[in-house]
Amino acid sequence: MRTYWRQRNDLVRAAASHIQRMQKALTQMNIQLANVLSDISGATGQAIIKAILAGERDPHKLAQLRDRRVKASQEQIARYLEGNWQEDLLFVLKQEQKAYEFCQQQIAECDHQLAQYLQQREDRSQGAPLPEEKRKGRLKKKRANKPQFDLREGLFRMTGTDLTRIDSIDVMTAMTILSEAGWDMSKWKTEDHFVSWLRLCPDNRISGNKVIGKGRLPTNNPITVALKMAASTLRLSKTYLGAQFRRFRTRLGAPIAIKAMAAKLARLVYRMLRYGMKYVDQGEAFYELQHRQLQLKQLKWKAAKLGFQIVQATAA
């Protein structure tokens with residue numbers, strides 16, 4: 001599974017590089033599609049490029065290929081389709097378009113192999129139904145280059161748990177974790193060992209029971225990279241983990257907070273895969289209440305140490 005997934009990721013990166021070269025060729029021909037289309041690999045962009053390669057040069061006819069979901073009007077798109085149509089750049093565009101289509105074909109073959117592989121694995125779900133996704137943010141979110149089959153169901157069947165229940169971990173991140181580490185967490189004695197393997201633990205230099213220095217633990221582990229990217233998306237999340245990340249970010253700064261939350265996500269993943277723990281989001285309000293109670297406890301302790309007593313004021 002790891003080989004299939006790594007190959008697929010390599011193909012996705014290769015397809016992205018071909019899109020960038022196509023964009024460069026269009027810009028050099030004064031075709032400023034980027035001003036009206038967010039991505040030329042979408043339905044409208046691909047239809048226009050194929051029409052250009054077929055010989056169409058009329059900007060208004062090209063603009064008529066606009067998908068109804070595009071916000072820009074046909075007149076706006078036509079304004080940015082008046083190019084100089086250089087033969088050498090058209091040749092480059094043709095080559096890159098063919099290479100992009102080939103990559104898409106190869107990605108589809110990888111998806112087919114992955115679907116077959118997951119179907120052949122032992123069913124560890126014990127017949128349990130896949131939890132229904134009701135979170136609005138997940139239902140609306142569309143990720144480019146996602147597999148053309150139900151990857152979430154395949155992973156649930158293979159592991160018996162749904163890692164996407166953890167906030168910020170989508171099915172692509174879950175696939176990266178399982179393809180690199182596998183579903184059997186018994187290879188790591190504790191969750192601390194798993195976090196250490198991911199190099200998400202602190203690098204404290206200790207001498208005489210004192211921390212005399214702190215360093216960094218650089219790594220190219222795909223799981224670590226995926227978890228850090230997932231942690232960074234919690235900044236605006238209205239969830240328990242989102243509130244915790246914002247507090248870490250305020251106290252520690254963004255880089256350290258991202259690493260700390262990635263370690264937190266790794267621990268949750270370990271518990272779900274090894275012990276079958278079910279993750280349930282307790283909400284942003286619960287975290288704020290919990291944090292407030294902790295602050296009150298610390299204040300009372302400090303006051304008692306100084307010989308004072310904290311008295312809560314009555315509401316006016």
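Of the residues making up segment 198-218, one or more are on the phi > 0 side of the Ramachandran plot and modelled with pLDDT of 90 or more. Being closer than 16 Å to Ile258 by Cα and in a loop (DSSP other than H, G, I, E, B) is a property that Leu234 lacks. Of all residues in segment 259-292, those being small (Gly, Ala, Ser), surrounded by 13 or more Cβ atoms within 10 Å (Cβ to Cβ) and part of a loop (DSSP other than H, G, I, E, B) number 1.
Suppose we filter Gln28, Gln32 for residues that are at pLDDT 90 or above, surrounded by fewer than 18 Cβ atoms within 10 Å (Cβ to Cβ) and polar (S, T, N, Q); which single one remains?
Values: Gln32 fails: at pLDDT 90 or above.
The unique qualifying residue is Gln28.
Taking the conditions (1) in a helix (DSSP H, G or I); (2) under 30 Å from Lys134 (Cα atoms); (3) open to solvent by 70 Å² or more (accessible area, probe 1.4 Å) in turn, Gln295 satisfies each one other than (2).
Can you pull out the residues in segment 163-199 that are in contact with a helix residue (DSSP H, G or I) (Cβ under 7 Å, 6 or more places away or on another chain), of a type outside the set (Lys, Arg) and without any contact (Cβ under 8 Å) to a residue 40 or more places away in the chain? Write out each step before concluding.
In the first step, residues of segment 163-199 are kept if they are in contact with a helix residue (DSSP H, G or I) (Cβ under 7 Å, 6 or more places away or on another chain); the result is 163-164, 166-171, 173-181, 183, 185-186, 188, 191, 194-195, 198-199.
Going one step further and asking which of them are of a type outside the set (Lys, Arg), we end up with 163-164, 166-171, 173-181, 183, 185-186, 188, 191, 194-195, 198.
If the condition is that a residue be in contact with a helix residue (DSSP H, G or I) (Cβ under 7 Å, 6 or more places away or on another chain), of a type outside the set (Lys, Arg) and without any contact (Cβ under 8 Å) to a residue 40 or more places away in the chain, then Thr164, Val171, Ala174 are the ones that fit.
Among the residues of segment 209-241, those identified as open to solvent by 70 Å² or more (accessible area, probe 1.4 Å), more than 13 Å from Lys264 (Cα to Cα) and not hydrophobic (A, V, I, L, M, F, W, C) are Asn209, Lys210, Lys214, Arg216, Pro218, Asn220, Thr233, Arg235, Lys238.
For segment 112-149, the candidate set comprises residues that are at pLDDT 90 or above and either assigned to a loop (DSSP other than H, G, I, E, B) or among the aliphatic types (A, V, I, L, M) (or both); within that set, the residue that is surrounded by the fewest Cβ atoms within 10 Å (Cβ to Cβ) is Ala115. Number of residues in segment 35-53 that are surrounded by 14 or more Cβ atoms within 10 Å (Cβ to Cβ), without any contact (Cβ under 8 Å) to a residue 24 or more places away in the chain and either over 19 Å from Ser73 (Cα atoms) or under 29 Å from the mean Cα position of the chain (by Cα) (or both): the value is 4.
The values are calculated or read from the model by the stated rules, or taken from the named source; none is laboratory data. Remember, predicted model here, so these are calculated numbers, not experimental data. Reconstructed Cβ throughout: ideal geometry from the backbone, glycine too, with neighbour counts over all protein chains shown. Remember, those area values only see protein heavy atoms, side chains included, never the ligands or the DNA or RNA. Shrake-Rupley method; radii C 1.70, N 1.55, O 1.52, S 1.80 Å.
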